[in-house]
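The next block holds one structure in the form of structure tokens; read it before the comments.
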Amino acid sequence: MTAAPVIAVLGGGIGGLATAAFLRRAGLGCTVYEQARELKEIGAGLVVAPNLARLLRRLGVLDTLAADAVCLDVGWEFRRWADGRVLSSEDLREACQDLYGERTYTVHRAALLAALASAVPPETVRLGKRCVSVEVGSRVGLRFADGSRAEADVVVGADGVHSVVRAAFVESAAPAYSGLCAFRALVPAERAPALARRRAQTLWLGPGHHLVHYPVAGGRLVNLVAFAPAGGYATESWTATATVEEFLAEFDGWDERLVELIRAGGTPGRWALLDRAPLTRWSHGPVTLLGDAAHPMFPFFGQGAAQSVEDAAVLATCLASAPPEEALRRYESLRIPRTTRLQEASHGRAHVNHLPDGPEQRARDAAFASGDPLRDNGWIYAYEPGDVQGSGSAA
């Protein structure tokens, strides 16, 4: 019997912990190396769509997460920027369950991270370990900023958009200026307008801008994220901030309820959206990428976390069923077509959402009114990482 490979996962975020949880479920161990001194998520809210909900249920953590989540009744609710007129909306209360077997939730990122951490033995995670180099020899050598070293048979780079692993092994073009930036804030529910406290994911569309809000943390907070022209802003960091006045200036003249929501959010975060072309290769021998390290995407479909967890599920099954390098080749062949399609779809959404008022905007609004995005995006929500030895649902 061949000994199980020693697996190192670089990064203890959503993708890294999901990898550890799915590896454990597949009968494989690993060590997660996280540079922070504690497991935490800096970001705010995210959408747990049915494709992610199914995988969390498979790990046995969905019920725990749902206790502090918001189960949406309405989604894909598009509104006009100036007056809030509803362009289209989807009833998620029954249709989502009927179509995809799960509801759609909104959660704080920290709650999802905690749920995943509950599926991983604490001794699996090593904190305060910032990897500074990865070298492939007879085994993969890891060197950390504190001077310590480790070796592994397989290394998974789940180390985010500024991945050390990707920089070392995978040729990729430098990120390009997208011309867009994002603002984000968390608003206490008691300070938010009634419209934003509903169990709804709402998207306001206007010239050159759009804004999304939905409740999180059991309805105690409203997550707010907005997209606007970046001007000369190019800082790609979730710890960077703006002023309330800068945020308000971008949405001057919009519906007064949005102005109220922005004011109630306090100091907003701000980051630039940098454009990265999809990679055609994630693996180098026994080293591979996962999550944002492999496929950073604009957040316009709300699938960043979901795709990281899908990666983890497929990778674990591949590693449990084949020698490491063969498994990694199989993993990327299964995942790259899907994540590339999502990257490209997310990229194209900015133009659609930001049309100036006029004939093209009116045609878009008419298309929304007659559309059914919950069914139209079935290729996203019905995905099931099943038997990766086959060519069906995992492709």
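The values are calculated or read from the model by the stated rules, or taken from the named source; none is laboratory data. The shown structure was predicted, so the numbers you read here are calculated from the model rather than taken from an experiment. A quick note on method: Cβ atoms are made from the backbone with ideal geometry, for glycine too, and the neighbour counts reach across all protein chains shown.
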key: Some residue of region 45-60 being surrounded by 23 or more Cβ atoms within 10 Å (Cβ to Cβ), in contact with a His (Cβ under 7 Å, 6 or more places away or on another chain) and not assigned by TED's automatic domain parsing to the domain that holds ALA320   = yes
inquiry  = Going through GLY84, GLY75 one at a time, which residue ends up being assigned to a strand (DSSP E or B) and either assigned by TED's automatic domain parsing to the domain that holds GLN303 or in contact (Cβ under 8 Å) with a residue 60 or more places away in the chain (or both)?
reply    = GLY75
key: Members of region 272-299 found to be at pLDDT 90 or above, outside any loop (DSSP other than H, G, I, E, B) and hydrophobic (A, V, I, L, M, F, W, C), listed by number   = VAL287, LEU289, ALA293
message = Looking at the structure I just gave you, is PRO207 in contact (Cβ under 8 Å) with a residue 24 or more places away in the chain, out of contact with any strand residue (DSSP E or B) (no Cβ under 8 Å at 6 or more places or on another chain) and surrounded by fewer than 19 Cβ atoms within 10 Å (Cβ to Cβ)?
response = yes
query = Given the structure, is THR317 within 19 Å of the chain's Cα centre (by Cα) and not assigned by TED's automatic domain parsing to the domain that holds VAL212?
reply = no
message = Exactly one condition in (1) aliphatic (A, V, I, L, M); (2) out of contact with any Asp or Glu (no Cβ under 7 Å at 6 or more places or on another chain); (3) farther than 30 Å from TRP204 by Cβ is false for LEU10; which is it?
response = (2)
task = Report yes if some residue within region 333-350 is touching a residue at least 40 places away in the same chain (Cβ under 8 Å), out of contact with any Asp or Glu (no Cβ under 8 Å at 6 or more places or on another chain) and among the basic types (Lys, Arg); otherwise report no.
result = yes
